[in-house]
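Accompanying notes for the structure given below.
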């Protein structure tokens, strides 16, 4: 049942949602609860002050708008939240941390950005001006550098190609670029023009979980995670 509203008010608060998520991630999110929770997490974290911005499990559970958004009749609010968080973590949007100090522990969530990955890996996280001990169940892997990947699979990296790769990194996920390089190498089409066309096709025709959206047996998802494509794809 659609809940109608009488338009939008004249004065409103706005939340920051990354364009990267809106343009390159959200089109492939099929689960409504994952989508709603991800948007709420962006909202909460964007309003935080300080160097290390995060939200917590307690904060999410205490927010009526979040619970109402993801609630399901067949399970509890906590179960619905756990399911949505798990999907957001698996997609790579957030990193889940178990933070502990002398007074107790809490589960916190941070956006999966290069800065937060570096902070997590270096152990430099301070929460509420306190050094926290923490561990994460999220596997944080460094993908191959796109420039190294190009040189190892396509050919010599010229200044012009380096510029093209930098521009591509602003428009496409890093994983896409690496997978496109891998496909070009496997098809013996070792040139940037071919790689660029692959990326453009994925953007216009659709690509999710490493596959084309077209119903074609050659586009079986397993071809990117097993066999000849395996070494190009982040697990």
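We did not get these values from a lab; they are worked out from the coordinates using the rules stated. Not measured: the values here are computed from a predicted model. We place every Cβ from the backbone using ideal geometry, glycine too, and count neighbours over all the protein chains shown.
Odds and ends about this structure:
- As a rough guide to protection, the peptides 68-74, 160-166 ranked by mean Cβ packing within 10 Å, highest first, stand as 160-166, 68-74.
- The distance separating the Cα centre of segment 1-67 from that of segment 108-123 comes to 20 Å.
- Shown for 34, 121: other C-beta atoms within 10 Å of each C-beta, ranked fewest to most, produce the order 121, 34.
- Full extension of the chain between residue 200 and residue 188 yields a length gain of 2.4 nm, computed as 0.36 nm times the residue separation minus the alpha carbon distance.
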